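Derivation of every value follows stated rules applied to the coordinates shown; laboratory data play no part. It should be emphasised that the depicted structure is a prediction, and the values quoted were computed from it without experimental measurement. A quick note on method: Cβ atoms are made from the backbone with ideal geometry, for glycine too, and the neighbour counts reach across all protein chains shown.
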């Protein structure tokens, strides 16, 4: 979607990444990260989620506890955000259907009434992007699974 950009891996915390930034270069980072450290004035552009679909569950915090620890479970349920919880489950349904690991080029972002998806071949020569409407509730899981099946078929047979 942006052939004028060249992406390279740059690891480290925010300060380290900013220090490594060459003159005339740019970083792709989460807006939330810059908000946390008070550097929103450094944001030059916000990339649309339809073009730059984040990784599944990006920006969400998950906490696990023992199933038999009812006190902790009750405390965690009190801070659970049902909308975010549902969105992450939908995104994970898409990922799960693909049967992929963490290094495969995949993105999914459930945003209210739509699911933005991205799947590419390992060499990025074939890319499939799609935005599908969600219906709310349990039906969204099946929509995400079907979107993954369509994406996988498109990338596998080269129709993208």
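Between residue 47 and residue 32, the modelled label-to-label distance comes to 1.7 nm, taking each label 7 Å out from Cα in the direction of the beta carbon. Over the chain, Cα pairs under 8 Å with separation of 6+ residues give a relative contact order of 18 percent.
Our note on the geometry: Cα centres of segment 1-77 and segment 89-126, 17 Å apart.
Length gained on full extension, residue 150 to residue 14: 45.3 nm, using 0.36 nm per residue less the C-alpha separation. May I ask for the percentage of alpha-carbon pairs in segment 1-47 that lie more than 12 Å from each other? When all Cα pairs of segment 1-47 are counted, 66 percent exceed 12 Å. Remark: spin-label model distance residue 103-residue 39 equals 2.8 nm, labels positioned 7 Å along the Cα→Cβ axis. Checking (1) 17.9, 54; (2) 15.1, 42; (3) 16.7, 50 against Rg and Dmax of the Cα atoms in Å calculated from these atoms, the matching label is (1).
With 0.36 nm allotted per residue and the present C-alpha distance subtracted, the residue 80-residue 67 stretch has 3.1 nm of extension available. Highest mean first, the peptides 90-96, 135-141 sorted by other C-beta atoms within 10 Å per residue fall in the order 90-96, 135-141. Evaluated at q = 0.19 Å⁻¹, the base-10 log of the normalised Debye intensity for segment 96-160, with identical point scatterers placed on the Cα atoms, takes the values -0.68.
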